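Here's the structure we're looking at; comments come further down.
The values are calculated or read from the model by the stated rules, or taken from the named source; none is laboratory data. The shown structure was predicted, so the numbers you read here are calculated from the model rather than taken from an experiment. FYI the Cβ positions are ideal-geometry reconstructions off the backbone, even for glycines, and counts take in every protein chain you see. These area figures cover heavy atoms from the full protein model, side chains too; ligands, DNA and RNA do not enter into them. Shrake-Rupley method; radii C 1.70, N 1.55, O 1.52, S 1.80 Å.
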Amino acid sequence: MSDTIHIQIDRADGSLQRLIGLVERRGFHIDGMALADEGAFRRIALTVRGRDAGRCMDNLGRQIDRLFGVRRISNDMIQSEAA
């Protein structure tokens with residue numbers, strides 16, 4: 001099962017790399033990403049799934065929210081079935 005997390009992040013050097021690295025280090029696979037540049041920030045829809053059943057999306061969301069340069073993370077995580 002995959003979840004989509006909606007994120008707004010600063011366009012600072014390395015911000016996207018930090019986001020991707022955090023997701024992978026926390027035990028999630030990135031199944032898809034949609035990115036839109038909007039001036040000083042980027043809007044990202046990140047589709048992820050845990051490597052195993054022990055991975056918690058709520059914890060990942062809180063960790064992303066604490067990441068430097070993240071302005072907002074949506075409260076709604078849209079669940080969809082993996083293909």
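What the table below lists for this structure:
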| read-out | value |
| --- | --- |
| Residue count for the range 18-48, restricted to those that are surrounded by 14 or more Cβ atoms within 10 Å (Cβ to Cβ) and in a strand (DSSP E or B) | 13 |
| Residues located in the range 1-17, provided they are closer than 18 Å to GLN63 by Cα and either open to solvent by 30 Å² or more (accessible area, probe 1.4 Å) or among the hydrophobic types (A, V, I, L, M, F, W, C) (or both) | ILE5, HIS6, ILE7, ILE9, ASP10, GLY14, LEU16, GLN17 |
| Qualifying residue in the range 60-80 (condition: under 21 Å from ALA12 (Cβ atoms), among the basic types (Lys, Arg) and at pLDDT below 90) | yes |
| Selection within the range 1-37 - in contact (Cβ under 8 Å) with a residue 24 or more places away in the chain and of a type in the set (Val, Ile, Thr) | THR4, ILE5, ILE7, ILE9, VAL23 |
